[in-house]
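Engineer: My questions will all concern the structure given below.
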2 protein chains.
Amino acid sequence: MPDIVTVTDIRESMRATNAVFTHEVVAKGNVGALEQIYTVDARVLPPGAEMVSGRPAIQQFWAGALKALGVTRAALTTIDAMPAGEGIVEIGRADLETAGGSVTVKYVVFWKQEGGRWKWHVDIWNPNS
Amino acid sequence: MPDIVTVTDIRESMRATNAVFTHEVVAKGNVGALEQIYTVDARVLPPGAEMVSGRPAIQQFWAGALKALGVTRAALTTIDAMPAGEGIVEIGRADLETAGGSVTVKYVVFWKQEGGRWKWHVDIWNPNS
């Protein structure tokens, strides 16, 4: 009998991935944990810079960006998660504590499964103000 | 016999929708044509503002934004178009001529079909610099 995968299971798995980002990458500066978050051929589209392609380049990007912005805390909230074939398109909101104060950004992530984990395959965001 | 829809057909349909945006909305300021571009319950996530939900609000948004930024020309280029169930996730690049000069932005659009047309269902972008 095949496993039954429900929307609740996927949401749970998404939350687990997001928790690695907030607890490991942001809070501890452990960019190695980005392996658990991004697919190997993921793409990040950050405001104010060119697109970043592939996990090694994405790890370098975050190592620099977290330091440059002085991000000390992040909270990710899913606003909507839309089925998209083998993926999910998520609209979300990130509340960040940075050296320059509190910042709210909104984001769209195209999620895909890799090695049984739900991961970020395309990641784009921009600030609300 | 069912119609055979190929990736080329979808790309062609996407180009047609994008052409309405560049030729009607941007070049002529015809925001009524946004009906042919966005799904009725689309969401736009613009930099520097809150998310905009639903086509009427999106039409208001673009009427104001095109004027505020003084956008006179736009060219949209698809970088990648990934199958996503009944939708497509597109990564693209927009080259804009504005009152303040040339601007390059990158975007992610989640496309869905509505009434036989491929339309923008989720639309987010940010500037490259």
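Engineer: Between the helical axis of B:7-20 and the dominant principal axis of chain B, each derived from Cα atoms, what acute angle in degrees is found, rounded to the nearest 10?
Structural biologist: Approximately 30 degrees, to the nearest 10.
Engineer: Could you sort out which of A:LYS28/B:LYS112; A:LYS67/A:LYS119; A:LYS67/B:LYS119 sit more than 31 Å apart by Cα distance in this structure?
Structural biologist: As for pairs spanning more than 31 Å Cα to Cα, those are A:LYS28/B:LYS112; A:LYS67/B:LYS119.
Engineer: Roughly how big is the B-A contact, given as buried accessible area in Å² (both sides, 1.4 Å probe, nearest 100)?
Structural biologist: 2100
Engineer: While we're here: log10 I(q)/I(0), Debye, Cα-only segment B:82-129, no solvent, q = 0.17, 0.28 Å⁻¹?
Structural biologist: -0.57, -0.97
Engineer: Further question on the same structure: Using a cut-off of 16 Å between alpha-carbon atoms, which lysines can reach B:LYS106, once sequence neighbours fewer than 8 places away in the same chain are excluded?
Structural biologist: A:LYS106
Engineer: Could I ask something else about it? Computed over the Cα atoms of segment A:1-108, what is the convex hull's projected area averaged over all directions, in nm²?
Structural biologist: If I average the Cα hull's projected area over directions, I get 7.5 nm².
Engineer: As an exercise, find the ratio Rg/Rh for the protein assembly as shown from alpha-carbon atoms, using the Kirkwood inverse-distance average for Rh.
Structural biologist: Result for the protein assembly as shown is an Rg/Rh of 0.97.
Engineer: Tell me, what ³J(HN,Hα) does each residue in segment B:71-76 have, in order and in whole Hz, if you take phi through Karplus 6.51 cos²θ - 1.76 cosθ + 1.60 with θ = phi - 60° and put x for Gly and Pro?
Structural biologist: 7, 10, 8, 9, 10, 10
Engineer: When the Karplus curve 6.51 cos²θ - 1.76 cosθ + 1.60 is applied with θ = phi - 60°, which whole-Hz ³J(HN,Hα) does each residue of segment B:47-52 get, with x for Gly and Pro?
Structural biologist: Whole-Hz 3J(HN,Hα) from phi for segment B:47-52: x, x, 8, 6, 4, 10.
Engineer: Based on DSSP H runs of at least 4 residues, each adding -39500 (n - 2.57), what is the mean residue ellipticity at 222 nm of the protein assembly as shown after dividing by all its residues, to the nearest 500 deg cm²/dmol?
Structural biologist: The per-residue figure over the protein assembly as shown is -7500 deg cm²/dmol.
Engineer: Lys/Arg Cβ at +1, Asp/Glu Cβ at -1, dipole of segment A:56-129 taken about the Cα centre: which of A:ASN126, A:THR72, A:ALA84 is farthest positive-ward?
Structural biologist: Towards the positive end, the residue furthest out is A:THR72.
Engineer: With a probe of 1.4 Å, find how much accessible area segment B:1-72 has per residue, and write the answer as a whole number in Å².
Structural biologist: 56
Engineer: Output ³J(HN,Hα) for segment B:113-119: one whole-Hz value per residue in order, computed from phi by the Karplus curve 6.51 cos²θ - 1.76 cosθ + 1.60 with θ = phi - 60°, and x for Gly and Pro.
Structural biologist: Whole-Hz 3J(HN,Hα) from phi for segment B:113-119: 8, 9, x, x, 10, 7, 9.
Engineer: If each of A:ALA75 and B:ARG15 carries a label point 7 Å out from its Cα toward its Cβ, how far apart are those two points in nm?
Structural biologist: Taking the two extended label points, one gets 4.7 nm.
Engineer: Additional query: If you filter segment A:17-123 for GluC sites (Glu not before Pro), then keep DSSP loop positions with at most 16 other Cβ within 10 Å, what is left?
Structural biologist: In loop regions of segment A:17-123 (DSSP not H, G, I, E or B), the sparsely surrounded GluC sites (Glu not before Pro) are A:GLU50, A:GLU86.
Engineer: Does anyone have the angle between helix A:55-69 and the longest principal axis of chain A? Alpha-carbon axes, 0 to 90°, nearest 10?
Structural biologist: The two axes meet at around 40 degrees.
Engineer: How high is the relative contact order of chain A? Use alpha-carbon pairs under 8 Å, at least six apart in sequence, and give a whole percent.
Structural biologist: Computed over chain A, the figure is 23 percent.
The values are calculated or read from the model by the stated rules, or taken from the named source; none is laboratory data. Every value quoted in this text rests on a predicted model; they were computed, and no experiment measured them. We place every Cβ from the backbone using ideal geometry, glycine too, and count neighbours over all the protein chains shown. These accessible areas exclude ligands, DNA and RNA; they are computed on the full protein's heavy atoms, side chains included. Shrake-Rupley method; radii C 1.70, N 1.55, O 1.52, S 1.80 Å.
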